[in-house]
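Asker: Before we start, here is the structure in question, set down as structure tokens.
The values are calculated or read from the model by the stated rules, or taken from the named source; none is laboratory data. Quick caveat, the model's predicted, so the values are computed rather than measured. Reconstructed Cβ throughout: ideal geometry from the backbone, glycine too, with neighbour counts over all protein chains shown.
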Amino acid sequence: MKIDFTLNGSEISAEAPADMTLLAFLRDILALTGTKEGCAVGECGACSVILDGRLVNSCLVLVGQVNGRDVITIEGIHGPNGKPNDLQQAFIDYGAVQCGYCIPGMILAGEALLATKPNPTRHEIRTAIAGNLCRCTGYQQIVDAIQATAAHRFQGGDNGRA
Amino acid sequence: MKERFDYLRASSIHDAVKLLNEPGVKSRPLSGGTDLVLLMRESPLICNRVIDISLIPELHRIYQQDNQIVIGASATFSEVIEAQLIQQTAPVLVQACAQVGAVQIRNMGTLGGNVANAAACADSLPALVCLNAKATVVTPVSTQKIAVSDLVLGPNRTLIPQGGLITDLRYTIPPAGSQSVFIKLGRRNAMAISRLTVAALGRQDDSGTIREVRLVPGSATPQIRRFSTAEECLIGRLPEEALFRQAAELVIEEMAQLAGRRWSSEFKEPVLTTMILRALNKIFDKDDKDIEMAGKPK
């Protein structure tokens with residue numbers, strides 16, 4: 001079937017089988033491999049993307065469901081000239097990235113939270129990333145990085161987006 | 001490779017029901033997809049076409065009609081949690097939906113889907129039964145309102161006919177002064193499948209006498225229902241610890257009658273007792289607060 005949607009701000013048109021998930025479509029057809037497959041059953045959050053402003057597991061979304069809608073993947077989160085944005089830089093600064101596999105999902109979970117709650121509590125940050133598993137168990141640093149970014153943006157800091 | 005199933009998006013309830021009942025093709029409604037997409041991987045033969053109902057605007061409406069709150073079946077758990085009308089009238093449902101999965105699942109999964117899938121551990125079911133909620137079930141020839149407690153027959157079994165669609169869930173706003181609560185026990189805080197849940201609602205009069213109580217344990221019995229024997233023992237009485245313990249005992253007896261004593265009973269009975277005590281403490285104002293030892297939800 002034909003899929004027309006907005007991906008990271010650009011109009012995309014592509015063919016995909018109707019029984020394909022958004023995750024497989026992003027990785028195998030569009031070759032955007034930043035979105036990771038972990039459990040493939042909606043438990044781990046590695047495949048998180050933002051669909052019409054809401055964080056979802058792309059392994060549970062059928063490709064047809066995104067027709068006419070807006071999707072943001074990790075490839076759409078960056079600073080000017082492709083450099084890290086402030087949240088990504090904070091992940092680096094706070095040592096939040098270990099093996100890295102969960103990080104695209106974590107960044108999107110962080111962005112989805114900060115878009116609706118600019119000044120979250122630590123508890124709210126933990127709730128926001130509760131569906132994102134980090135098997136290196138570096139949660140403390142991840143929460144620190146999101147909290148620091150929230151404070152930075154709350155004080156009027158530029159989020160460094162292009 | 002041949003596609004296992006086709007995808008079609010319905011534009012209205014009428015359109016969805018028509019597509020679901022087209023002869024010669026096995027169709028299933030797709031709402032949040034958090035259950036169906038996985039089920040189709042395990043059992044590819046359950047359908048050869050999905051009808052996406054998740055973008056039908058009327059299925060997302062949450063509104064008040066007379067003294068009832070109507071929730072479109074494709075309202076996501078997140079939409080239910082954020083709806084002021086539900087926050088004000090049914091905290092038990094907001095709390096139950098907030099316990100579902102994690103944010104990703106709550107952004108996708110829908111109230112109608114939770115009822116139609118009827119998992120034994122579905123968090124919204126005890127809350128809906130506690131609210132005496134009804135589901136509107138539409139087929140090409142009928143529109144019926146069925147109590148959720150009757151609609152769900154047991155784990156993954158409902159009265160929804162083939163080709164039928166839940167279009168909304170509705171409850172009568174509980175009388176002023178009602179307090180409600182949802183308590184969940186899982187193996188961890190987030191992303192946990194419920195081991196046991198309790199949805200409870202109660203109301204006292206000015207003298208403190210209990211005038212109304214609804215107690216619905218979840219994940220405890222095959223059919224989700226109000227435990228009326230325990231409820232009746234509380235009505236017309238003043239809340240106190242001995243009474244709450246008596247009610248909790250009746251709940252345990254009723255669970256054993258409905259579900260039989262099972263390998264898990266040794267664990268579930270004392271745990272459910274504590275959860276019932278916590279729920280009753282939460283919804284009723286007592287003079288003595290001795291039940292603190294049973295602990296309170298945070």
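Asker: Does segment B:77-98 contain any residue that is within 13 Å of another protein chain (Cβ to nearest Cβ) and in contact with a strand residue (DSSP E or B) (Cβ under 6 Å, 6 or more places away or on another chain)?
Answerer: No, segment B:77-98 contains no residue that is within 13 Å of another protein chain (Cβ to nearest Cβ) and in contact with a strand residue (DSSP E or B) (Cβ under 6 Å, 6 or more places away or on another chain).
Asker: All but one of (1) surrounded by fewer than 24 Cβ atoms within 10 Å (Cβ to Cβ); (2) at pLDDT 95 or above; (3) over 11 Å from the mean Cα position of the chain (by Cα); (4) not β-branched (Val, Ile, Thr) hold for B:Leu59; which doesn't?
Answerer: The failed condition is (1).
Asker: To continue, here is another question. Taking segment B:262-298 on its own, how many of its residues are farther than 22 Å from B:Ala242 by Cα and either modelled with pLDDT of 85 or more or hydrophobic (A, V, I, L, M, F, W, C) (or both)?
Answerer: 4
Asker: Within the group A:Gly138, A:Gly76, A:Gly68, which residue is modelled with pLDDT under 95 and either assigned by TED's automatic domain parsing to the domain that holds A:Glu15 or of a type in the set (Gly, Ala, Ser) (or both)?
Answerer: Criteria check complete, one pass: A:Gly138.
Asker: For B:Gln65, work out the one condition from (1) within 14 Å of B:Ile166 (Cα to Cα); (2) more than 13 Å from chain A (Cβ to nearest Cβ) it doesn't fulfil.
Answerer: Result: B:Gln65 passes all but (1).
Asker: Say whether the condition of being under 19 Å from B:Thr136 (Cβ atoms) and modelled with pLDDT of 95 or more is met by at least one residue in segment B:41-51.
Answerer: Yes.
Asker: On to the next question. Quick one: count up the residues across segment A:1-35 that are of a type in the set (S, T, N, Q) and without any contact (Cβ under 8 Å) to a residue 60 or more places away in the chain.
Answerer: Final tally of qualifying residues: 4.
Asker: Now a separate question. What single numbered condition from (1) within 17 Å of B:Lys184 (Cβ to Cβ); (2) touching a Phe, Trp or Tyr at 6+ places or on another chain (Cβ under 9 Å); (3) within 14 Å of chain A (Cβ to nearest Cβ) fails to hold for B:Ala102?
Answerer: (2)
Asker: What is the number of the single condition among (1) surrounded by fewer than 19 Cβ atoms within 10 Å (Cβ to Cβ); (2) over 19 Å from A:Ile77 (Cβ atoms) that A:Leu133 does not meet?
Answerer: (1)
Asker: Over 18 Å from A:Ala18 (Cβ atoms) and within 14 Å of chain A (Cβ to nearest Cβ): does that describe B:Asp6?
Answerer: no
Asker: Another question, then. Just need a number here: residues in segment B:69-85 that are under 14 Å from the mean Cα position of the chain (by Cα) and surrounded by 22 or more Cβ atoms within 10 Å (Cβ to Cβ).
Answerer: Qualifying residue count, segment B:69-85: 6.
Asker: Just give me the residues in segment B:29-40 being within 12 Å of chain A (Cβ to nearest Cβ) and either outside any loop (DSSP other than H, G, I, E, B) or hydroxyl-bearing (Ser, Thr, Tyr) (or both), in sequence order.
Answerer: Result: B:Leu30, B:Ser31, B:Thr34, B:Leu36, B:Val37, B:Leu38, B:Leu39, B:Met40.
Asker: May I pose another question? Can you find even one residue in segment B:126-138 that is among the hydrophobic types (A, V, I, L, M, F, W, C), exposed (fewer than 15 other Cβ atoms within 10 Å of the Cβ) and over 16 Å from B:Arg225 (Cβ atoms)?
Answerer: No: segment B:126-138 contains no residue that is among the hydrophobic types (A, V, I, L, M, F, W, C), exposed (fewer than 15 other Cβ atoms within 10 Å of the Cβ) and over 16 Å from B:Arg225 (Cβ atoms).
Asker: In segment A:29-119, which strands (runs of 3 or more DSSP E) lie fully inside it and hold 1 or more residues that are within 9 Å of chain B (Cβ to nearest Cβ) and touching a strand residue (DSSP E or B) at 6+ places or on another chain (Cβ under 6 Å)?
Answerer: Filter on segment A:29-119 gives A:48-51, A:54-57.
Asker: Hey, another quick one. Can you name the residue in segment A:2-28 that is surrounded by fewer than 16 Cβ atoms within 10 Å (Cβ to Cβ) and aliphatic (A, V, I, L, M) and, of all such residues, is farthest from the other protein chains (Cβ to nearest Cβ)?
Answerer: A:Ile12
Asker: So which residues in segment B:41-54 are surrounded by 15 or more Cβ atoms within 10 Å (Cβ to Cβ) and either charged (D, E, K, R) or at the interface with another protein chain (Cβ under 8 Å from one of its Cβ atoms) (or both), if there are any at all?
Answerer: B:Arg49, B:Val50, B:Asp52, B:Ser54
Asker: Kindly indicate whether B:Val17 is more than 9 Å from every other protein chain (Cβ to nearest Cβ), out of contact with any His (no Cβ under 8 Å at 6 or more places or on another chain), surrounded by 17 or more Cβ atoms within 10 Å (Cβ to Cβ) and more than 22 Å from A:Asn57 (Cβ to Cβ).
Answerer: Against the criterion (more than 9 Å from every other protein chain (Cβ to nearest Cβ), out of contact with any His (no Cβ under 8 Å at 6 or more places or on another chain), surrounded by 17 or more Cβ atoms within 10 Å (Cβ to Cβ) and more than 22 Å from A:Asn57 (Cβ to Cβ)), B:Val17 qualifies.
Asker: Return the residues of segment B:1-17 that are out of contact with any strand residue (DSSP E or B) (no Cβ under 7 Å at 6 or more places or on another chain) and either farther than 17 Å from B:Ile166 by Cα or of a type in the set (A, V, I, L, M, F, W, C) (or both); say none if nothing qualifies.
Answerer: If the condition is that a residue be out of contact with any strand residue (DSSP E or B) (no Cβ under 7 Å at 6 or more places or on another chain) and either farther than 17 Å from B:Ile166 by Cα or of a type in the set (A, V, I, L, M, F, W, C) (or both), then B:Met1, B:Lys2, B:Glu3, B:Arg4 are the ones that fit.
Asker: Kindly establish whether B:Ser142 is under 24 Å from B:Gly164 (Cα atoms) and buried (at least 22 other Cβ atoms within 10 Å of the Cβ).
Answerer: no
Asker: Could you run through segment B:220-249 and say how many residues are aliphatic (A, V, I, L, M) and either more than 19 Å from B:Thr209 (Cβ to Cβ) or in contact (Cβ under 8 Å) with a residue 60 or more places away in the chain (or both)?
Answerer: 3
Asker: Determine, yes or no, whether B:Gln223 is more than 30 Å from B:Ala102 (Cα to Cα) and among the polar types (S, T, N, Q).
Answerer: No: the conditions fail for B:Gln223.
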